[in-house]
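Below: one structure, written as structure tokens.
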Amino acid sequence: MPGSSLVEVAAAVLIRPDGHFLLASRPAGKPYAGYWEFPGGKIETGESPLQALSRELNEELGITIRKATPWLTRTFNYPHATVRLRFYRVTHWQGEPTPCEQQQFAWQTADNITVSPLLPANAPILRSLALPPVYAITRTVEADVETSLQTIRQTLESGIRLLQIRQKSMAPDELKHFSKAAVQLAHHYQATVLLNENLMLAQNLQADGVHLTATQLLSLDTRPDIGWCGASCHNVQELQHAEKTGVDFVTLSPVLPTLSHPGAPALGWKKFAELIQDYPLPVYALGGLTPADLETAQEQGAHGIAMMRGI
């Protein structure tokens, strides 16, 4: 029966500089033989997840890990067992991947998966891989609308592909006008754009999603019906509710002191890492960060960073 045994597994998302990641087919003789998955395997007694992953990648692909960062941990019930998968993003390795177990493998992108069938547990992982590493958030307008839109254009031209429209002080009509223009601008650059808090406006303007405030999040039992749904979190309770509600990703803040809330206590990187250890959803670190903090955030288990002033 499902859940009769818990199997601990370490899995690797090998990512090339061009963004492609590796999927491998399961060898004959194993459950779900022929299905495609992320390479990895069972964590043996006495091994850490990273030690197990290093061993498995050497055995399966003939490579040696040089840099790996913790990412998501998800539990999945198969007919034969319950599997807890600890995913690492592996960005540097020594050697060329070789099918040491006669398996097939293929380099893929989240928006163009060409192999099948996929192992069922990997569907949410593939969706999470579609999220860019940097999440830009607009600040309350400190200039006229046109100047603010020009700032968004510059942000998109710099390569940002995930944007949240957050304009708390705008009157409803002005917010509608501004958001409509911002959505059109983002889509011109093939970026994903979410509106803060206002689900109805996001749907009306054909935005890609909505970003829930922490208060909104705690008031909901299920995820809103929209393409992408993010949520703001600041503590364990909110993180747990985000998981229960089924949102796609969260921001966790404040990591470092911010200009907008001087004197407010910050989590710091150690507490941030503790809060998201073994968490199943992608987490963007937020608060007092700059692009230089991206590597640090990912080393602590974050999917990426979210920024307002740091853009």
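The values are calculated or read from the model by the stated rules, or taken from the named source; none is laboratory data. Predicted model, so just to flag it, every value in this text is computed and none were measured. Here the Cβ positions follow ideal geometry from the backbone for every residue, glycine too, while neighbour counts run over all protein chains shown. All accessible areas refer to the heavy atoms of the entire protein, side chains included, with ligands and DNA or RNA removed. Shrake-Rupley method; radii C 1.70, N 1.55, O 1.52, S 1.80 Å.
Inside region 266-280, can you point out the residues that are open to solvent by 20 Å² or more (accessible area, probe 1.4 Å) and either part of a loop (DSSP other than H, G, I, E, B) or touching a residue at least 24 places away in the same chain (Cβ under 8 Å) (or both)?
Those that are open to solvent by 20 Å² or more (accessible area, probe 1.4 Å) and either part of a loop (DSSP other than H, G, I, E, B) or touching a residue at least 24 places away in the same chain (Cβ under 8 Å) (or both): A266, L267, W269, A273, L275, Q277, D278.
Taking the residues in region 282-304 that are open to solvent by less than 20 Å² (accessible area, probe 1.4 Å) and either out of contact with any Pro (no Cβ under 7 Å at 6 or more places or on another chain) or of a type in the set (S, T, Y) (or both) as candidates, determine which candidate is nearest to R139 (Cα to Cα).
Checking each candidate, the answer is L289.
Just the residues that are aliphatic (A, V, I, L, M), in contact with a strand residue (DSSP E or B) (Cβ under 8 Å, 6 or more places away or on another chain) and closer than 13 Å to E37 by Cβ, please, taken from region 114-131.
Result: V115, L118, L119, A121, I125, L126.
Report every pair of residues separated by at least 6 positions or lying on different chains whose Cβ atoms are under 7 Å apart, first residue within region 142-168 and assigned to a helix (DSSP H, G or I), second modelled with pLDDT under 90.
Partner pairs satisfying both residue conditions: S148/V141; T155/I311.
Test T91 against the stated conditions and say whether it is under 14 Å from L14 (Cα atoms), open to solvent by 30 Å² or more (accessible area, probe 1.4 Å) and in contact (Cβ under 8 Å) with a residue 60 or more places away in the chain.
Spelling it out, T91 is indeed under 14 Å from L14 (Cα atoms), open to solvent by 30 Å² or more (accessible area, probe 1.4 Å) and in contact (Cβ under 8 Å) with a residue 60 or more places away in the chain.
Kindly indicate the residue of region 250-260 that is in a loop (DSSP other than H, G, I, E, B) and among the β-branched types (V, I, T) and also nearest to C229 (Cα to Cα) among those meeting that condition.
V255
Checking the structure you have, find out if any residue of region 220-231 is more than 21 Å from P282 (Cα to Cα), open to solvent by 30 Å² or more (accessible area, probe 1.4 Å), not β-branched (V, I, T) and not in a loop (DSSP other than H, G, I, E, B).
no
Would you be able to say whether some residue in region 132-142 is over 25 Å from L252 (Cβ atoms), out of contact with any strand residue (DSSP E or B) (no Cβ under 6 Å at 6 or more places or on another chain) and loosely packed, with under 14 Cβ neighbours inside 10 Å?
Yes, that holds for at least one residue.
Just the residues that are crowded, with 20+ Cβ neighbours inside 10 Å and either assigned to a loop (DSSP other than H, G, I, E, B) or of a type in the set (S, T, Y) (or both), please, taken from region 56-72.
Of everything in region 56-72, just one residue is crowded, with 20+ Cβ neighbours inside 10 Å and either assigned to a loop (DSSP other than H, G, I, E, B) or of a type in the set (S, T, Y) (or both), namely I63.
Going through region 201-219 one residue at a time, which ones are under 21 Å from V183 (Cα atoms) and outside any loop (DSSP other than H, G, I, E, B)?
L201, A202, Q203, N204, G209, V210, H211, L212
Here is a check on your reading of the model: is Q164 modelled with pLDDT of 95 or more, within 23 Å of the chain's Cα centre (by Cα) and over 19 Å from M307 (Cα atoms)?
No, not satisfied.
Say whether the condition of being surrounded by fewer than 21 Cβ atoms within 10 Å (Cβ to Cβ) and free of Cβ contacts under 8 Å to residues at least 40 places away in the same chain is met by at least one residue in region 73-80.
For region 73-80, residues surrounded by fewer than 21 Cβ atoms within 10 Å (Cβ to Cβ) and free of Cβ contacts under 8 Å to residues at least 40 places away in the same chain: absent.
Given (1) of a type in the set (S, T, N, Q); (2) surrounded by 15 or more Cβ atoms within 10 Å (Cβ to Cβ); (3) without any contact (Cβ under 8 Å) to a residue 60 or more places away in the chain, where does Q184 come up short, assuming only one miss?
The failed condition is (2).
Could you run through region 94-126 and say how many residues are closer than 19 Å to L53 by Cβ, of a type outside the set (A, V, I, L, M, F, W, C) and open to solvent by 20 Å² or more (accessible area, probe 1.4 Å)?
Number of matching residues: 6.
Taking region 1-55, which residues are in a loop (DSSP other than H, G, I, E, B) and within 17 Å of Q103 (Cβ to Cβ)?
Hits for region 1-55 are R26, P27, A28, G29, K30, P31, Y32, A33, G34, Y35, F38, P39.
Specify the residue that is most open to solvent (accessible area, probe 1.4 Å); the eligible residues are those in region 143-178 that are under 27 Å from A292 (Cα atoms) and among the charged types (D, E, K, R).
Only one residue fits best here, namely E157.
Show the residue pairs meeting these rules: Cβ distance below 7 Å; 6+ apart or different chains; first residue within region 238-249 and within 17 Å of L131 (Cβ to Cβ) and assigned to a loop (DSSP other than H, G, I, E, B); second residue open to solvent by 10 Å² or more (accessible area, probe 1.4 Å) and of a type in the set (F, W, Y).
Close Cβ pairs satisfying both conditions: D248/W228.
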